[in-house]
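Trainee: I'd like to ask you about the structure that follows.
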Amino acid sequence: MSKTIIVSNRLPISIKKDEEGNLEYIPSSGGLATGLGSIYKKGNNLWLGWPGTFFTKEKNKEAVTENLHKENMAPVFLTEDDIHNFYEGFSNSTLWPLFHYFTQYVEYNPEFWESYVEVNRKFCEETLKYADESDVIWVHDYQLLLLPEMIREKLPNATIGFFNHIPFPSFEIFRSLPWRKQILNGMLGADLIGFHTYDDMRHFLSAVSRITGIDHSMGHLKSSNRIITVDALPMGIDYKKFSEAAISKETQKEVKQYYSYLNSQQLILSIDRLDYSKGIPQRLKAFDTYLERYADSREKVSLILLVVPSRDQVEHYAHLKEELDELVGRINGKYGTLNWTPVYYFYRSLPFSKLSALYCMADVALITPIRDGMNLVCKEYVASRLDRSGVLILSETAGSAKELADSILVNPNDHDQIVEAIHQALEMPEDEQDLHMSEMQDKLKRYDIHRWVDVFMERLIYTKEKQKELNARHLGGRASQLITNNYKNANKRLICLDYDGTLVGFHGDPQKAEPDEELLSIIEALTKDPNNSVVIISGRDKDTLEGWLGHFDLEFIAEHGVWFKEKGKEWAMADNLVQDWQEEILQILELYVDRTPGTFIEKKDYSLVWHYRKADTGFGDMRARELVSNLQYLTSNMDIQVLEGNKVIEVKNAGVNKGKAALKWLAKEEWEFITALGDDWTDEDTFHVMPDGAFTIKVGLTSSEARYNIKSYVEVRELLKSFIV
Ligand code: GDG
């Protein structure tokens, strides 16, 4: 029976030691713990993570492990050094500031990195104690970015999902990380990689294609051996929990008590963990200006500022705490009166009923982080507004802003805009509040934490199915054996081979993709067998092919069928070709070379090719789209065709293609064995003309008219070697 294993830095429980050393197990009430509770508590499923306390004695570790097992949890024990270097170090002093665009706070410390690798390995070892290949493993967040790949190495077929809870920065920021490639490869061990927003997703895809060279289309990455799905799956909240809490006795009791201390002023609520990414000082400064600018509001409105202590041992956090203390003191000193406190400031965590009471009482929630992966507080506020009153002011850089467009969206760095948003919110008519609140509530109710978990799991299973579909076409052991047997039992054999991407890998400079020793010896052996007719069917020019491979007993189709060379004969040309279009097209292509650094033109006898492999990723693709549409328009009355190959755009005479050229060879003999291999869509023409019994093989795991897929040119060589032994 397969099981589901959740892995996160922290378990959904904290273990605390009292003074006598007795252990207390305190369950977390966080959204993730609730949402994933429906998974990990079932059957043999499991949640793995650090329990929040250091244990050194083996006896204690065993006891904790045993107790946690009863609750479907398993501990990963970390040392104080691990927490210093891996958690406070690489996770929170390198990745956290970098991913939140606070580059000035990023520490690039190799010791932190080493510890990060080591602790991820610890998590991997613990996971492997419980996991096998049939399991679904869901890894969470930026502390464990290397874990998916580490697990994949040991369990190649496991189903692995990864979700990143914080933003993923743009390539320009991410590239500054010395360990960027290792981080991406670590994440790419997963089958599904989830982010809160489309922006995070596209930043990730752009970093992957620029740093690893792996291309993507429609959110699917095609790594050498798997399809990986990348998706934006915004996390929901436990809507029911917050809406039910709002009318609970406990909450209402707290509400009553709070009101007894207050006058009838309007309340603005701000809740955050202490963090520079949350923009708390900016918020206080805006409130200060608001009281200054709208003097009538004094004594009629208060800000409740709840800051949950966090990481205050770290220098930047300690400074931030001092800044907040000072700002609150200044505002209260400046405006406060005997019966009015402008800012009620709490630097602690409150019990849930008090939190819920504050959500119920606040006329306005002021949530203006500088950057936030999602931000659940604003969603919890909306869910708690049972009478649909209240106004949310939300930063446009919080992930939740995409879903909560009915809030007042602000730029968190625009001081004046926040001041005016506070004014607008406090003045908003009730019917307008109702309208916006109900819109937001409808969305959050429908897409809650449980739905989020279901959608993630559905996408993960879908990805696995998609991989299976492609793997079924993958030339595995048995199919490969079948082809080899057919080859060996046949006498008259036709072997059609594309060159680039099929026999050799791609190179930035096409002239450097010459055949290596291994390939030369394979071709030599294949062509030495008198029963074989080996035809290279390539888009390359005839002189290059002749220069590289002309000394073998090979036949050629060059320039996609413009030129051909049969055994013992000279090069010949396809009929009815014209060159008079070239001058005009060349001028257009030259314009694109000038406008797109890294691109160049290859001139062949009857075609022109614009190469953009070395252009900036994305930019090259954009220019290619533009060029194709330009050419299609400009050449509509010419007898030429525009072909899109692998990072090339080729213009040539109409009616010339690899398939048409291959027909000539098919008609030559009563072949007993035919195979055709190719990697890009120009090879589809070859596959198309092949008879039913032919073994057509597409290089790369993408859809094709070919019967089989093979992963890369490395596997092609393996197959060809199996023919000649
Ligand atoms: C990450 C990302 C992303 C706060 N004060 C009290 C209290 N809270 C609870 C809230 C809320 C949670 O803490 C904070 O959630 P956030 O979403 O704001 O931030 P994180 O969970 O720290 O961090 C973030 C999230 O992951 C999920 O993917 O949204 O962007 O940084 O649930 O209710 N709870 C109690 N007392 C408090 O005083 N009981």
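The values are calculated or read from the model by the stated rules, or taken from the named source; none is laboratory data. None of these values were measured; they are calculated from a predicted model. Ideal geometry is used to build each Cβ from the backbone, glycine not excepted, and the neighbour counts take in all protein chains shown. Remember, those area values only see protein heavy atoms, side chains included, never the ligands or the DNA or RNA. Shrake-Rupley method; radii C 1.70, N 1.55, O 1.52, S 1.80 Å.
Trainee: Among Asn637, Leu192, Met1, flag the residue with its Cα farthest along the positive direction of the charge dipole of the chain, charges on Cβ as +1 for Lys/Arg and -1 for Asp/Glu.
Mentor: After comparing all options, I get Met1.
Trainee: Probe radius 1.4 Å, ligands and nucleic acids left out: which of Asp580, Asp238, Asp509, Asp543 has the largest accessible area, and how do the rest follow?
Mentor: Asp580, Asp543, Asp509, Asp238
Trainee: Against the empirical 2.2 N^0.38 Å scaling, what ratio does the C-alpha Rg of region 582-653 come to?
Mentor: Ratio of Cα Rg to 2.2 N^0.38 Å: 0.99.
Trainee: Which of the three applies to region 239-440, rounded, prolate or oblate, going by the alpha-carbon gyration tensor with a ≥ b ≥ c and a/c under 1.5 meaning rounded?
Mentor: rounded
Trainee: About the Cα centre of region 582-653, what is the dipole size in debye to 20, counting +1 per Lys and Arg Cβ and -1 per Asp and Glu Cβ, all else neutral?
Mentor: Charge dipole, region 582-653, about its Cα centre: 260 debye, nearest 20.
Trainee: Moving on. Quick check: the angle from helix 352-361's long axis to the longest principal axis of the chain, C-alpha only, nearest 10 degrees?
Mentor: 80
Trainee: Could you pull out the pairs from Lys464/Lys698; Lys42/Lys354; Lys565/Lys698; Lys122/Lys241; Lys17/Lys70 whose alpha carbons sit more than 27 Å apart here?
Mentor: Too far apart for the 27 Å limit: Lys42/Lys354; Lys122/Lys241.
Trainee: Mind pulling the angle between the C-alpha long axis of helix 415-427 and the longest principal axis of the chain? Nearest 10 degrees, somewhere in 0 to 90.
Mentor: 60
Trainee: Right, next: Roughly how far apart, in whole Å, are the Cα centres of region 472-531 and region 705-725?
Mentor: With region 472-531 and region 705-725 each reduced to a Cα centre, they are spaced 6 Å.
Trainee: If you count only protein heavy atoms and use a 1.4 Å probe, how large is the accessible surface of Thr686, to the nearest 10 Å²?
Mentor: Number for this one is 10 Å².
Trainee: Can you send over the carbon and sulfur percentage of the accessible area for the chain, probe radius 1.4 Å, protein chains only?
Mentor: Here carbon and sulfur together make up 48 percent of the probe-accessible area.
Trainee: Students often get this wrong, so check it: of Lys59/Lys321; Lys379/Lys468; Lys249/Lys402; Lys466/Lys647; Lys569/Lys604, which have C-alpha atoms separated by over 32 Å?
Mentor: In this structure, Lys59/Lys321; Lys379/Lys468; Lys249/Lys402 lie more than 32 Å apart at Cα.
Trainee: Next up: Taking every DSSP beta bridge with both residues inside the chain, roughly what % is antiparallel (nearest 5)?
Mentor: Around 30 percent antiparallel, to the nearest 5.
Trainee: Follow-up. Taking the highest mean first, how do the peptides 493-501, 478-486 order by number of other beta carbon atoms within 10 angstrom per residue?
Mentor: Descending packing order for the listed peptides: 493-501, 478-486.
Trainee: How big is the chain in terms of Cα radius of gyration and Dmax, in angstroms?
Mentor: Every Cα atom of the chain included, Rg and Dmax give 32.1, 106 Å.
Trainee: Could you give the distance between the Cα centres of region 590-605 and region 184-200, to the whole Å?
Mentor: 35
Trainee: Related question: Kindly sort His551, His319, His423 by accessible area of their heavy atoms, largest first, with the probe set to 1.4 Å.
Mentor: Sorted by accessible area, descending: His551, His319, His423.
Trainee: Could you let me know the centre-to-centre spacing of region 667-685 and region 387-431, using Cα atoms, in angstrom?
Mentor: Comparing the Cα centres of region 667-685 and region 387-431, I get a distance of 63 Å.
Trainee: Could you compute the FRET efficiency for Arg625 and Glu24, with r as their C-beta to C-beta distance and R0 at 56 Å, rounded to 0.05? Kindly include the intermediate steps, with their values, before the conclusion.
Mentor: Values: r = 61 Å, r/R0 = 1.09.
Computed FRET efficiency for Arg625 and Glu24: 0.40.
Trainee: Ignoring everything but the protein chains, give the 1.4 Å probe accessible area of Glu559 in square angstrom, nearest 10.
Mentor: Surface open to solvent at Glu559 totals about 0 Å².
Trainee: Provide the solvent-accessible area of His216, counting protein heavy atoms only and rolling a 1.4 Å probe, rounded to the nearest 10 Å².
Mentor: Its heavy atoms expose roughly 80 Å² to the probe.
Trainee: For the chain, with the dipole built from +1 on Lys and Arg beta-carbon atoms and -1 on Asp and Glu ones, taken about the Cα centre, which of Ile601, Ser704, Pro234 lies farthest toward the positive end?
Mentor: Going by the Cα projections, it comes out as Pro234.
Trainee: Report the charge-dipole magnitude of region 77-132 in Debye, nearest 20, computed about the Cα centre from +1 at each Lys and Arg Cβ and -1 at each Asp and Glu Cβ. Please report the intermediate quantities before stating the final value.
Mentor: Working: 3 positive and 11 negative charges, 44 e Å.
With only Lys, Arg, Asp and Glu charged at Cβ, the dipole is about 220 debye.
Trainee: What aspartates and glutamates could a cross-link reach from Lys129, if we take a straight Cα to Cα line under 12 Å and drop same-chain neighbours fewer than 8 places away?
Mentor: Within the straight-line limit of under 12 Å, Lys129 reaches no aspartates and glutamates at all.
Trainee: Would you kindly state how much longer the chain becomes between Tyr633 and Asp543 on full extension, computed as 0.36 nm times their sequence separation minus their alpha carbon distance, in nm to one decimal?
Mentor: Value of the extension gain: 29.2 nm.
Trainee: Give the cross-link partners of Lys443 among the aspartates and glutamates, using a straight C-alpha distance below 14 Å as the criterion and excluding same-chain residues fewer than 8 apart.
Mentor: Partners found: Asp238, Glu380, Glu403, Asp406.
Trainee: As I understand it, the dipole of region 1-118 uses +1 on the Cβ of Lys and Arg and -1 on the Cβ of Asp and Glu, about the Cα centre. Which of Tyr116, Ser14, Phe90 lies farthest toward its positive end?
Mentor: Final value for the positive-end residue is Ser14.
Trainee: In addition: For a quick check: with amide H placed at 1.01 Å from N, whose amide H comes under 5 Å from Trp138's, ignoring anything fewer than 5 positions away on the same chain?
Mentor: Ile5, Ile6, Val7, Gly161
Trainee: Leaving ligands, DNA and RNA out of it, rank Arg717, Arg595 by accessible area with a 1.4 Å probe, largest first.
Mentor: Ranking Arg717, Arg595 by accessible area, largest first, yields Arg595, Arg717.
Trainee: What is the helix-to-structure angle for 110-130, meaning the angle in degrees between its Cα long axis and the longest Cα principal axis of the chain, kept from 0 to 90 and rounded to the nearest 10?
Mentor: 80
Trainee: Nearest 20 debye, what's the magnitude of the dipole of the chain about its Cα centre given +1 on Lys and Arg Cβ and -1 on Asp and Glu Cβ?
Mentor: 1640
Trainee: So with the 1.4 Å probe, I'd like the accessible area per residue for the chain, rounded to whole Å².
Mentor: Roughly 44 Å² per residue, with all protein chains present.
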